[in-house]
Amino acid sequence: MILKCSRLGHPVLRERSADAAADDIRQGRYEDLVEDMFETMVAYRGVGLAGPQVHLPLRVFVFDSKERDDGRGACPRRGVVFNGVYEPVGDAKVVEWEGCLSVPFLGGQVPRFDKVRLRGLDREGQPIDWLAEGFVARIFQHEVDHTHGHVYLDRMPDLTTLGYTLVL
Ligand code: NI
């Protein structure tokens, strides 16, 4: 089922979402949700989608970097992460264009850490500990931000790069 995507201005995008309980994950409570989030991400042609973006203040996101991936790092290219947190590995940052399904038709340049360590829980409720680099690391930072009530606009030091994209 394709879910309705929340847009900037909805308060759910600005609150810190609740952690998912490992027991609930293990018991399959979120299986339907995760399937719906994958379906929604594909329908909207996104590379990531977080709980608040489907009006659910839960710390979960799905991602699929495959089409634009540069192949760096050691982590899956498609999956689901509950209660994700990241920490930078090194200081290097890269500036690239980002967009967001909750901020439609716009894009802007956002500096992100080039390498991050991502921890959280997988679809079975088991701990994950991934080293991500490049594009997939950017997705993780963008999606974890969503689960903390942030959007990429908050990370833009220079709003003059914000503009409408040509792809509608
Ligand atoms: Ni987004």
| message | Scan region 105-116 and tell me whether some residue there is charged (D, E, K, R), over 16 Å from the mean Cα position of the chain (by Cα) and either farther than 30 Å from residue 160 by Cα or in a loop (DSSP other than H, G, I, E, B) (or both). | response | no
| In region 109-125, the residues that are of a type in the set (Asp, Glu) and under 17 Å from residue 147 (Cβ atoms) | 122
| request: Kindly list, by first and then second residue, each pair from a residue in region 134-146 that is under 15 Å from residue 92 (Cβ atoms) to a residue that is part of a helix (DSSP H, G or I), limited to pairs with Cβ atoms under 6 Å and residues at least 6 apart or on different chains. | output: 135/68
| From 33, 58, residue being open to solvent by less than 30 Å² (accessible area, probe 1.4 Å), closer than 25 Å to residue 124 by Cα and away from the ligand (no atom under 12 Å from the Cβ) | 58
| query | Out of (1) away from the ligand (no atom under 16 Å from the Cβ); (2) out of contact with any helix residue (DSSP H, G or I) (no Cβ under 9 Å at 6 or more places or on another chain); (3) among the hydrophobic types (A, V, I, L, M, F, W, C); (4) within 28 Å of residue 27 (Cβ to Cβ), the odd one out for residue 140 is which? | reply | (1)
| said: Please go through (1) within 16 Å of the ligand (Cβ to nearest atom); (2) within 21 Å of residue 18 (Cα to Cα) for residue 83 and return the number of the only condition it doesn't satisfy. | reply: (1)
| note | residue 1 meets each of (1) open to solvent by 20 Å² or more (accessible area, probe 1.4 Å); (2) part of a loop (DSSP other than H, G, I, E, B); (3) in contact with a Leu (Cβ under 8 Å, 6 or more places away or on another chain) with one exception, condition (3)
| request: Test residue 28 against the stated conditions and say whether it is at pLDDT 95 or above, in a loop (DSSP other than H, G, I, E, B) and either of a type in the set (D, E, K, R) or open to solvent by less than 60 Å² (accessible area, probe 1.4 Å) (or both). | output: yes
| message | Could you tell me how many of the residues in region 39-54 are within 11 Å of the ligand (Cβ to nearest atom), assigned to a helix (DSSP H, G or I) and over 15 Å from residue 14 (Cα atoms)? | response | 1
| task | Could you tell me which numbered condition residue 128 fails, if it satisfies all but one of (1) surrounded by 15 or more Cβ atoms within 10 Å (Cβ to Cβ); (2) of a type outside the set (Lys, Arg); (3) under 22 Å from residue 93 (Cβ atoms)? | result | (3)
| How do the pairs read when you match residues in region 36-54 that are free of Cβ contacts under 8 Å to residues at least 40 places away in the same chain with residues anywhere that are near the ligand (Cβ under 9 Å from one of its atoms) and acidic (Asp, Glu), using Cβ under 8 Å and keeping only pairs 6 or more apart or on different chains? | none
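The values are calculated or read from the model by the stated rules, or taken from the named source; none is laboratory data. Given the structure is predicted, the values throughout are model-derived calculations rather than measurements. Every residue, glycine among them, receives a Cβ derived from its backbone with ideal geometry; neighbour counts consider all protein chains shown. Note: areas computed on protein heavy atoms with side chains; ligands, DNA, RNA excluded. Shrake-Rupley method; radii C 1.70, N 1.55, O 1.52, S 1.80 Å.
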